[in-house]
Amino acid sequence: MALSRSTRHHSIRRARQQAVRRTRQHLIRPARRLLLRPARCRGGRWFLALATAAASVFVLASSPVTAPAASLPAPGSAGIGDPYFPGLGNGGFDVRHYDLDVGYAPDTGRVDGRATLTARTTRSLSAFNLDLQQLKVTSVEVNGLPAAFTREGGELRIHPVIPLPRGRTFTTTVVYGGIPRPLSGPIVFGSKYGWMKTKDGVFVGCEPNGASTWFPASDHPTDKATFDIRIRAPKGLTAVSNGRLLATHDRGRTTVAHWRESKPMAPYLATATIGKFDVKKGTTPGGIPVYVATDPALAGGLDFYGITAEATDHWSKVFGPYPFEETGAVVDDMPEAEFSLETQTKPVFSAVRDESTVVHELAHQWFGDSVSVRQWKDIWLNEGFATYAEWLWDEHKGRRTTHQSFLAAYHEHKPDDPFWKINVADPQRDTMFSRAVYFRGAMTLQVLRERIGDRAFFRLLPLWTKLHRHGNVRTSQFIGLAEAVSHKDLGDLFATWLSRPGQPPLPAAGGAARR
């Protein structure tokens, strides 16, 4: 949205004065005169003159040899450097909050959005990037001032009119629109993922890199933020997102739903699933609010509400206190999405719908959502743990022990099976969701449990989630904590079961946790 001329001129004068105050101790007289003298040009030349003056001020201010490099304004990097997704995330700032206003027209598939990001700089920035795929940007503002921008592939590069000093909070507003297209490829079992159109709305599941198909983001798990998400959809449809539903109201033929996730969330865990849903709300026996939305076409199937309530309370005892404000599920008739996903507080279920999947996705609220990977190569810390949770659930229900589940998975794959060739601690991008990551990861945890005993193992899990609550982790950190808790050297155990090619020999009989 363009500012009026009078408001624009007032904002520029105020911004100039703030820039002078911030750099007063470094300015020399000619630069100060340049900033303070009245501008005589009009229209776009105001911004060119201001940008030139501001850049001159920062160059002059940082001319001493002793000035730290991070204090010099420079473009932020286009990605954080994750080996699997080098372009994901962005350097030079940390996002603190997303305020998203997203309108969706099911008849055309068009999205119109306005995203305001609040972030804090980690170095002085002359430009910075956001991840945004496919959609067209119509305007960008930084701290209320129009900013120039360019596009290259999935990158949106923004050039603020005044460079952003290190350690400052700033806002960026992006107005955008278009028809999102889902992503595809070998990563997610060959399935499409991201923003996926359904018969009556849209199914949104974005792991690992699909958040930027529907909003501008710093799309990497290390850049977590809180979210306000307002979804505008035709009356008669229900829009479900993360956290708690604050309000719904009608505007003519449109219903606006305002959701808020007050705990830090990785962008890929955000959802804005829309459709015709039957909604059931309540609390678990332990007092945690529950919100479950089910497509009427799937009525009479699995009791998602009951399993969600029971499993959330059970995992709260095993893994530590539930890390979010609400639990729930979104169950949609979307067979083209060949996966279910642990979207934060509201796992989304499509073609995969059974009890094991529900408890798996709920375990991810601890392992993956609250405690997130620092790099995607550590994905077994999400999937291995959630798969092991399925085995724990069967043990809890008296169906079979985790050791029996371990043996079944172990014997399912012959020694020459490619399953045993994948390095689970670094599985590579296209096989990061391979079966080995899930099941060899779970086997590793069972072998660990048998090595250190139940007492240490069930002290380790809640301690892990407590120490790294809402944070990011590496495999080496889990190994270190396991060794600290058990007072054992476990390096060879993890190397054998996670990384060495070939089927490991079974542990010696009589392990501490076989029951």
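The values are calculated or read from the model by the stated rules, or taken from the named source; none is laboratory data. All values derive from a computational prediction rather than experimental measurement. Reconstructed Cβ throughout: ideal geometry from the backbone, glycine too, with neighbour counts over all protein chains shown. Areas reflect the complete protein model, heavy atoms only, side chains present, ligands, DNA and RNA absent. Shrake-Rupley method; radii C 1.70, N 1.55, O 1.52, S 1.80 Å.
Scanning region 416-438 turns up no residue that is of a type in the set (Lys, Arg), outside any helix (DSSP H, G or I) and either surrounded by 15 or more Cβ atoms within 10 Å (Cβ to Cβ) or free of Cβ contacts under 8 Å to residues at least 12 places away in the same chain (or both). So which residues in region 318-336 are over 16 Å from THR283 (Cα atoms), touching a helix residue (DSSP H, G or I) at 6+ places or on another chain (Cβ under 9 Å) and not aliphatic (A, V, I, L, M), if there are any at all? If the condition is that a residue be over 16 Å from THR283 (Cα atoms), touching a helix residue (DSSP H, G or I) at 6+ places or on another chain (Cβ under 9 Å) and not aliphatic (A, V, I, L, M), then PHE319, GLY320, ASP332, ASP333 are the ones that fit. With respect to being buried (at least 20 other Cβ atoms within 10 Å of the Cβ), under 25 Å from SER139 (Cα atoms) and within 23 Å of the chain's Cα centre (by Cα), ILE274 falls outside the description. Looking only at region 124-143, residues that are open to solvent by 10 Å² or more (accessible area, probe 1.4 Å), outside any strand (DSSP E or B) and more than 19 Å from GLY113 (Cβ to Cβ) come to 1 in all. It is to be established whether one or more residues within region 489-499 are on the phi < 0 side of the Ramachandran plot, part of a loop (DSSP other than H, G, I, E, B) and exposed (fewer than 15 other Cβ atoms within 10 Å of the Cβ). Yes; the residues of region 489-499 include at least one that is on the phi < 0 side of the Ramachandran plot, part of a loop (DSSP other than H, G, I, E, B) and exposed (fewer than 15 other Cβ atoms within 10 Å of the Cβ).
Scanning region 453-470 finds no residues that are outside any helix (DSSP H, G or I), on the phi < 0 side of the Ramachandran plot, among the aliphatic types (A, V, I, L, M) and surrounded by 15 or more Cβ atoms within 10 Å (Cβ to Cβ). Each residue in region 390-415 was checked for being part of a helix (DSSP H, G or I), touching a helix residue (DSSP H, G or I) at 6+ places or on another chain (Cβ under 7 Å) and either aromatic (Phe, Trp, Tyr) or over 18 Å from THR496 (Cβ atoms) (or both), and 11 of them qualify.
Can you tell me which residue in region 77-121 is surrounded by the most Cβ atoms within 10 Å (Cβ to Cβ), limited to those that are more than 20 Å from the chain's Cα centre (by Cα) and in a loop (DSSP other than H, G, I, E, B)? Only one residue tops the list, namely PRO106. The criterion of at least 1 residues that are open to solvent by less than 10 Å² (accessible area, probe 1.4 Å) and under 20 Å from GLY79 (Cα atoms) is met by the following strands (runs of 3 or more DSSP E) wholly inside region 147-233: 155-159, 169-178, 194-197. Sort out which residues of region 245-289 are under 23 Å from THR198 (Cβ atoms), of a type in the set (Gly, Ala, Ser) and in a loop (DSSP other than H, G, I, E, B), and write them in order of number. ALA270, ALA272 - these are the residues of region 245-289 that are under 23 Å from THR198 (Cβ atoms), of a type in the set (Gly, Ala, Ser) and in a loop (DSSP other than H, G, I, E, B).
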